[in-house]
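The values are calculated or read from the model by the stated rules, or taken from the named source; none is laboratory data. What you see is a predicted model; the values in this text were computed from it and never measured. A quick note on method: Cβ atoms are made from the backbone with ideal geometry, for glycine too, and the neighbour counts reach across all protein chains shown. These area figures cover heavy atoms from the full protein model, side chains too; ligands, DNA and RNA do not enter into them. Shrake-Rupley method; radii C 1.70, N 1.55, O 1.52, S 1.80 Å.
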Amino acid sequence: MLEIKQNNTETKGEFLAFMDGKQAGLMTYSWAGSDKFIIDHTEVEPDYNGKGVGKEMVYKAVEFAREKNLKIIPLCPFAKAMFQKNEEIRDVLWL
């Protein structure tokens, strides 16, 4: 089972993905003001490639943005591609 934890500070944050107690992925972000954040990096450990870890971290960021009424700027190529492929998450995209 995949578990995603979030750590947040005043300037930065991260989503950490764990599968069976082992770290499977990391997605970092930086705050861009009080109402939006920039997803700047996504990485998945090689053993977990193709298992949806990156996608789930992006969806967790979208859930966080919706709960807090925030917008996302996806500078990371992976996150940017996820927003292009999945229309249902574009409501939190900063234009």
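Inside segment 33-56, residues that are of a type outside the set (S, T, N, Q) and over 15 Å from Ile73 (Cα atoms) make up a count of 13. When segment 28-57 is filtered for residues that are assigned to a helix (DSSP H, G or I) and of a type in the set (Gly, Ala, Ser), only Gly54 remains. Scanning segment 58-95 for residues that are within 18 Å of Thr28 (Cα to Cα) and outside any helix (DSSP H, G or I) yields Leu70, Lys71, Ile72, Ile73, Pro74, Leu75, Cys76, Leu93, Trp94. For segment 49-62, the set of residues classified as surrounded by fewer than 18 Cβ atoms within 10 Å (Cβ to Cβ) and over 9 Å from the mean Cα position of the chain (by Cα) consists of Asn49, Gly50, Lys51, Gly52, listed by residue number. Total residues in segment 48-95 satisfying the condition of being among the acidic types (Asp, Glu) and either touching a residue at least 12 places away in the same chain (Cβ under 8 Å) or in contact with a strand residue (DSSP E or B) (Cβ under 7 Å, 6 or more places away or on another chain) (or both): the figure is 2. I want to confirm something. Restricting to segment 63-95 and keeping residues that are among the aromatic types (Phe, Trp, Tyr) and more than 14 Å from His41 (Cβ to Cβ), which single residue is least open to solvent (accessible area, probe 1.4 Å)? So the residue we want is Phe83.
To keep it simple, each residue is scored yes or no on (1) modelled with pLDDT of 95 or more; (2) farther than 22 Å from Ala81 by Cα; (3) of a type in the set (Lys, Arg); (4) in contact with a Ser or Thr (Cβ under 9 Å, 6 or more places away or on another chain).
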site: Lys5; (1), (2), (3), (4): yes, yes, yes, no
site: Thr11; (1), (2), (3), (4): yes, yes, no, yes
site: Asp20; (1), (2), (3), (4): no, yes, no, no
site: Leu26; (1), (2), (3), (4): yes, no, no, yes
site: Tyr29; (1), (2), (3), (4): yes, no, no, no
site: Ala32; (1), (2), (3), (4): yes, no, no, no
site: Gly54; (1), (2), (3), (4): yes, no, no, yes
site: Lys60; (1), (2), (3), (4): yes, no, yes, no
site: Phe64; (1), (2), (3), (4): yes, no, no, no
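Going by the conditions given, is Glu3 in contact (Cβ under 8 Å) with a residue 12 or more places away in the chain, surrounded by fewer than 17 Cβ atoms within 10 Å (Cβ to Cβ), at negative phi and outside any strand (DSSP E or B)? No. Restricting attention to segment 22-38, does a residue exist that is open to solvent by 30 Å² or more (accessible area, probe 1.4 Å), more than 10 Å from the chain's Cα centre (by Cα) and closer than 20 Å to Met1 by Cα? Yes.
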